[in-house]
Amino acid sequence: MRADLHIHTYYSDGALAPRDVPALAMRKGVEILAVTDHDTMLGIDETEKFCRAAGITFVSGCEISAYSGDVKVHVLCYCPDRENGDFRAFKDELYENSFLRSEIIIAKLNAVGVNLTLRDAETERFCGETPLHVMHIAAAGAKRGYARTAGEFFMKYLAYGKPAFCNAYRPSPERTVEIIAAAGGFSSLAHPARLDMNAEDVRALIGRLKSCGLCGIEAVYSTHTVRETAYYKELAKSFGLEVTGGSDTHYPVGKREIGIPAFYPSEKLSQRLKNC
């Protein structure tokens, strides 16, 4: 069964409405999909309703931004028990910390002459209950003329090494994987080729995360080359981990489309996801 296990909606930093997701998936023959909004699961129930109506197997999920030192490590989380006390507390922590971090970023921006407020960034969210994402700040900055696009603003001010970079109050990937495992969830290391690490450090990271409960590696990913895909499939096999795959789609149109690249999960993984 063709799957896409990495999709974002407007409940985080995407532009897709939950009702849009199954329609786009059906065009590519996707039969299993997961919505993995950043640090939130607010759009899960709504998206699941539309997927069920379309006959698509829906997988609950989210993508958690963790940091190992100054290196961002995205961890995909699938099928956690959302009522698990530790997991609920962790989600609340992610929400609250997003505002603490954003206050620091806004102060740094103000210090270099970018006149934004926290409220400016908050108004860029579709839903007021979602965590405040760095791209909401970027969108506010672009809207006020400090860059042509949110992406340009991010690279100018918010990326690593730029004036307003901030990774304060982010969880470690080890703790993130442990919490997912304790909640009965399935964790996968997202787009490993995008990690700002050398190959040896990536292997060491995967080894540490496996000991914490890591279940998979997202070897099949929209910007991975053929060589990278093959390498990370072999790496997953060597660690005894499942291969996951996804498009990382954020928008209805653009470079990343739901269902691209084509990903067919193993029978073992398919059964686990369908039994969520």
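Laboratory data are not the source of any read-out in this text; all were calculated from the coordinates shown. If you're wondering where the values come from, they're calculated on a predicted model, not measured in any experiment. Ideal geometry is used to build each Cβ from the backbone, glycine not excepted, and the neighbour counts take in all protein chains shown.
Cα convex hull of the chain: how many Å³ per residue?
Numbers: hull volume 32.7 nm³, N = 276.
So the per-residue hull volume is 118 Å³.
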Dipole moment magnitude, nearest 20 debye, the chain about Cα centre, only Lys, Arg, Asp, Glu C-beta charged:
620 debye
Work out from phi, with θ = phi - 60° and the Karplus expression 6.51 cos²θ - 1.76 cosθ + 1.60, the ³J(HN,Hα) of each residue of the range 157-163, listed in order in whole Hz, and give x for Gly and Pro.
10, 10, 5, 4, x, 8, x
For Y67, residues with placed amide H under 5 Å, excluding near neighbours
V73, S172
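How long are the semi-axes of the equivalent ellipsoid of the range 1-62, taking √(5λ) for every eigenvalue λ of the Cα gyration tensor, in whole Å from largest down? Please list the in-between numbers first.
Details: eigenvalues 57, 23, 22 Å².
So the equivalent ellipsoid measures 17, 11, 10 Å along its semi-axes.
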Could you point to the residue in G207, G185, P171 farthest towards the positive end of the chain's charge dipole, with +1 and -1 charges on the Cβ of Lys/Arg and Asp/Glu respectively?
G207
Would you please give the residues with an amide H less than 5 Å from that of V35, counting only those at least 5 places away or on a separate chain, with H modeled from the backbone geometry?
V59, G61
The long-range amide H neighbours of A219, using H built 1.01 Å from N in the peptide plane and a cut-off of under 5 Å, are T244
Tabulate in residue order the Karplus-calculated ³J(HN,Hα) for the range 135-152, using 6.51 cos²θ - 1.76 cosθ + 1.60 with θ = phi - 60°, rounded to whole Hz; enter x for Gly and Pro.
6, 5, 5, 4, 5, 5, x, 5, 4, 8, x, 7, 6, 6, 9, 4, x, 5
What the Cα atoms of the range 98-158 span along the principal axes, largest first and in whole Å, is 28, 21, 16
Given unit charges at Cβ for Lys, Arg (+) and Asp, Glu (-), the dipole magnitude of the range 98-158 about its Cα centre in debye, nearest 20, is 200 debye
Rg/Rh for the range 96-244: what does it come to with C-alpha atoms and Rh from Kirkwood?
1.04
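Taking every pair of distinct Cα atoms and averaging 1/r, then inverting, what Kirkwood hydrodynamic radius in Å comes out for the range 167-251? Don't skip to the answer; put the middle values down first.
Working: mean 1/r = 0.0753 Å⁻¹.
It works out to 13.3 Å.
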Output wanted: per-residue J couplings in Hz (rounded whole) for the range 228-239, from phi through Karplus 6.51 cos²θ - 1.76 cosθ + 1.60, θ = phi - 60°, x for Gly and Pro.
5, 4, 4, 4, 6, 5, 5, 5, 4, 4, 5, 9
Going through the cross-link list K91/K143; K91/K274; K156/K255; K49/K274; K72/K255, which pairs have a Cα-Cα distance over 19 Å in this structure?
K91/K143; K91/K274; K156/K255; K72/K255
